[in-house]
Amino acid sequence: MNLDAPAFSRFSHDGLELAYFDDGDPSGAPVLLIHGFASTANVNWVYPGWLRTLGDAGFRVIALDNRGHGASDKPREAELYHPSLMAGDAAALLTHLGISRAHVMGYSMGARISAFLAIEHPDRVRSLVFGGLGIGLCDGVGDWDPIADALLAPSLDVVTHERGRMFRAFADQTKSDRQALAACIRTSRVLVSRADIASVDVPTLIGVGTKDDIAGSPAELASLMKDATALDIPNRDHMLAVGDRVFKKAVLEFYQRFD
């Protein structure tokens, strides 16, 4: 067990080679972590301390690099990034590891993928944590076409769109394949209907930073669901909420329901 630099393995699904780590306490309850757009398993979950937090609490911690990200294959066809397909990757990873059911936590795009996983593979999901995504799951999170344009621009210097600059800088920082990400952003933001999210009956925690201008209201999303709790993460924007101590404490308390 290495809570600072986990070893990655690979598995095949849907014609792609996908990277993942399986760390923490091997005898603990499994938690599957699904990262956000332009991020990686390391950037989203290891560097902000989630692997250590969950591992120290006795969980088996599993995370994959989504298709198009990190050490996984990076197709450049937009139709390969529908959230249903990426949820299928997550379900296939659980099958690969012999895990029938897991707690699932996703951040931003990862929360959207987690929602599709719970809707389309409900037998695989024990609980849900959505981070960085509230009612935007159903209502949308604004116009993201400028993000694709920013990713394909010759350099950050020529990008003027504020959100586009933020994600282009993040993609440059993580040394991402910008063409794959541009394809991903065009189709990965498919909305979840209110009827579909209302059908999800597993316990759910929805955490959004109070300065997040992307996610939408966590309370409004929670009100649509059968067993959901909203968490306001104080004074955090979309990029900083993921590693916040308030968020981590709330998640650990949430998981105590299952002891």
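The values are calculated or read from the model by the stated rules, or taken from the named source; none is laboratory data. Everything numeric in this text was worked out from a predicted model, so none of it was measured. Cβ sites come from the backbone with ideal geometry, for glycine too, and all protein chains shown count toward neighbours. Side chains included, ligands, DNA and RNA excluded: accessible areas come from the protein's heavy atoms. Shrake-Rupley method; radii C 1.70, N 1.55, O 1.52, S 1.80 Å.
Enter the accessible area per residue of the stretch 140-259 (Å², integer; probe 1.4 Å; all protein chains in place). Numbers along the way, then the final one.
On the way: 6000 Å² over 120 residues.
About 50 Å² of surface per residue is accessible.
When a/c is below 1.5 the answer is rounded, else prolate if a/b is larger than b/c, else oblate, so apply that to the stretch 1-94 with a ≥ b ≥ c taken from the square roots of the Cα gyration tensor eigenvalues.
Because a/c hits 1.5 or more and a/b exceeds b/c, the stretch 1-94 counts as prolate.
What per residue convex hull volume, in Å³, comes out for the stretch 128-259 when only alpha-carbon positions are used?
Roughly 116 Å³ of hull volume per residue.
What's the tally of Lys pairs in the chain whose alpha-carbon atoms lie under 30 angstrom apart, where the two lysines are 8 or more places apart or on different chains?
Qualifying lysine pairs in the chain: 8.
Given H placed 1.01 Å from N in the peptide plane, which residues other than close sequence neighbours of residue 13 have an amide H under 5 Å from its amide H?
Hits under the 5 Å cutoff: 18.
Going by amide H atoms built from the backbone, whose H comes under 5 Å of the H on residue 24, apart from near neighbours?
HN-HN under 5 Å from residue 24: 2, 61.
Quick one: Karplus J couplings for the stretch 22-33, per residue in order, coefficients 6.51, -1.76, 1.60, θ = phi - 60°, nearest Hz, x for Gly and Pro?
9, 9, x, 7, x, 9, x, 5, x, 10, 9, 9
So who's got an amide H within less than 5 Å of the one on residue 131, skipping anything under 5 residues away but keeping other chains? H placed 1.01 Å off N, in plane.
The answer is 106, 107, 108, 111, 207.
How would you classify the stretch 201-249 from its alpha-carbon gyration tensor, with a ≥ b ≥ c the square roots of the eigenvalues: rounded for a/c under 1.5, else prolate if a/b is greater than b/c, otherwise oblate?
Oblate is the answer for the stretch 201-249, as a/c is 1.5 or above yet b/c matches or exceeds a/b.
So in the chain, what percent of DSSP beta bridges are antiparallel if you round to the nearest 5?
Beta bridges within the chain, antiparallel portion: roughly 30 percent.
Give me the distance between the Cα centres of the stretch 23-47 and the stretch 118-138, rounded to whole Å.
Taking the Cα centre of each part, the stretch 23-47 and the stretch 118-138 sit 16 Å apart.
Sort 116-128, 42-54 for me by packing, meaning the mean count of neighbouring Cβ atoms within 10 Å per residue, highest on top.
Details: 116-128: 19.5, 42-54: 22.1.
Put in order of decreasing packing, that is 42-54, 116-128.
With runs of 4+ DSSP H residues as the only contributors, calculate the mean residue ellipticity of the chain at 222 nm using -39,500 (n - 2.57) per run, divided by the residue total and rounded to the nearest 500.
So the calculated ellipticity at 222 nm is -10000 deg cm²/dmol.
May I ask you to give the percent of accessible area on the chain that is carbon plus sulfur, with a probe radius of 1.4 Å?
49 percent
³J(HN,Hα) across the stretch 99-109 via Karplus (A = 6.51, B = -1.76, C = 1.60, θ = phi - 60°), whole Hz, x for Gly/Pro?
9, 7, 7, 9, 5, 10, 10, x, 10, 6, 3
So between residue 162 and residue 149, what do we pick up on full extension, going 0.36 nm a residue minus the alpha carbon distance?
3.5 nm
What is the spread of the Cα atoms of the chain along each of their three principal axes, largest first, in whole Å?
Projected onto the principal axes, the Cα atoms of the chain cover 52, 38, 32 Å.
Once a ≥ b ≥ c are taken as the square roots of the eigenvalues of the Cα gyration tensor of the stretch 140-185, is the result rounded (a/c under 1.5), prolate (a/b larger than b/c) or oblate (a/b not larger than b/c)?
oblate
Read phi for every residue in the stretch 121-129 and hand back ³J(HN,Hα) as whole Hz from Karplus 6.51 cos²θ - 1.76 cosθ + 1.60, θ = phi - 60°, with x for Gly and Pro.
For the stretch 121-129, the Karplus-derived couplings read 9, x, 6, 8, 10, 8, 7, 10, 10 Hz, x marking Gly and Pro.
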